[in-house]
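These notes are about the structure you will find just below.
Taken together, the values in this text are just the output of simple stated rules run on the coordinates, not laboratory data. Every value quoted in this text rests on a predicted model; they were computed, and no experiment measured them. Every residue, glycine as well, gets a Cβ built from its backbone with ideal geometry; the counts of neighbours run over all protein chains shown.
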Amino acid sequence: MVNWFGWFINNQLVYFYIVHHTLYIKHWFLHRTSNIRFRYPTFLIFTSYIKHHKSHLEPMSHFILSKEIAYRKIQRMAYEVLERNVNEKQIILAGIKESGLIIAHILHGFLKEVYPGEIVVVEIALDKKNPKTISLSPQMDFENKVIIITDDVSNTGRTLLYSFKPFLDFYPKKIQTLVLVERSHKEFPVSPDYVGLSVSTALSEKIIVETEGKEIVGARIE
């Protein structure tokens, strides 16, 4: 239900602030030494309101993907995977734990509806902050295989680069990468082959893909 009283109060404060701020600008040109805090009490009221409601006015997390849109983008990437691998007999989806693995399973669900070959899901376990030790589950032969590494967010490209490591003990036919969200802050020479959404962000901002169980529920910037 709309809080009409709160809306009225907020808009009245803004209205009075604009009016008195305009008067202040005029007064400033005429009397540069004047002090607005004493000559226009409404400015004090407005700044007091800001001070006590700062937590409500500060920028909040900005959602960039809803669950519905995220699934649409994964479905669209599934069609792209099919187009680029239509003649392959098997595709291995290697999901980086946790969110990347969830995306791999969702992608598997869309692919199996349109791809006639075999689809295998493999888990890549690594510490994204210190990705020196990497393990695969299940272990299998990757010789001459088509491998698609999946993750939720590509930040600097480091995680995707390190995720190649266990596959390089073999001679795969091709390795491709897929991410739900890509940021424009590359520090390593890895560009995803399939991207759900490309986002330009500040270095201080983070992109978080939210999950519930085995589902993606959205993505946000904070």
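Summing charges over all other residues whose Cβ lies under 11 Å from the Cβ of Leu161, with Lys and Arg as +1 and Asp and Glu as -1, gives +2. Across the range 63-222, the mean sequence separation of Cα contacts (distance under 8 Å, 6 or more residues apart), normalised by length, yields a relative contact order of 25 percent. For the range 164-222, the Kirkwood hydrodynamic radius from C-alpha pairs, put into Stokes-Einstein at 20 °C and a viscosity of 1.002 mPa s, yields a diffusion coefficient of 156 µm² per second. With the dipole of the range 77-143 worked out from charges on the C-beta (+1 for Lys and Arg, -1 for Asp and Glu) around the Cα centre, which of Val114, Ile124, Asn87 lies farthest toward the positive end? Final value for the positive-end residue is Ile124. Look at Met77, Met140 and count the other Cβ atoms within 10 Å of each Cβ; fewest to most, that gives Met140, Met77.
The label point for Glu113 and the one for Gln90, both projected 7 Å from the Cα toward the Cβ, are 2.6 nm apart. Of the residues Arg76, Arg158, the one with the fewest other Cβ atoms within 10 Å heads the list, and the complete ranking is Arg76, Arg158. For the pair Glu68 and Met140, the difference between a 0.36 nm per residue extended length and the Cα-Cα distance amounts to 22.5 nm. Charged side chains reduced to their Cβ positions (Lys and Arg at +1, Asp and Glu at -1) give the range 130-222 a dipole of some 280 debye around its Cα centre. Once a ≥ b ≥ c are taken as the square roots of the eigenvalues of the Cα gyration tensor of the range 117-222, is the result rounded (a/c under 1.5), prolate (a/b larger than b/c) or oblate (a/b not larger than b/c)? Judged from the Cα gyration tensor, the range 117-222 comes out prolate (a/c at least 1.5, a/b above b/c). For the range 143-160, 3J(HN,Hα) computed residue by residue from phi via the Karplus equation (6.51, -1.76, 1.60; θ = phi - 60°) reads 5, 6, 9, 9, 10, 10, 8, 10, 8, 7, 10, 9, 8, 8, x, 5, 4, 4 Hz, glycine and proline entered as x.
Take the cross-link list Lys132/Lys214; Lys132/Lys206; Lys67/Lys145; Lys73/Lys132; Lys67/Lys129; Lys67/Lys186 and give me the ones stretching past 29 Å between alpha-carbons. As for pairs spanning more than 29 Å Cα to Cα, those are Lys67/Lys145; Lys73/Lys132. For the range 56-117, the fraction of C-alpha pairs farther apart than 15 angstrom is 57 percent.
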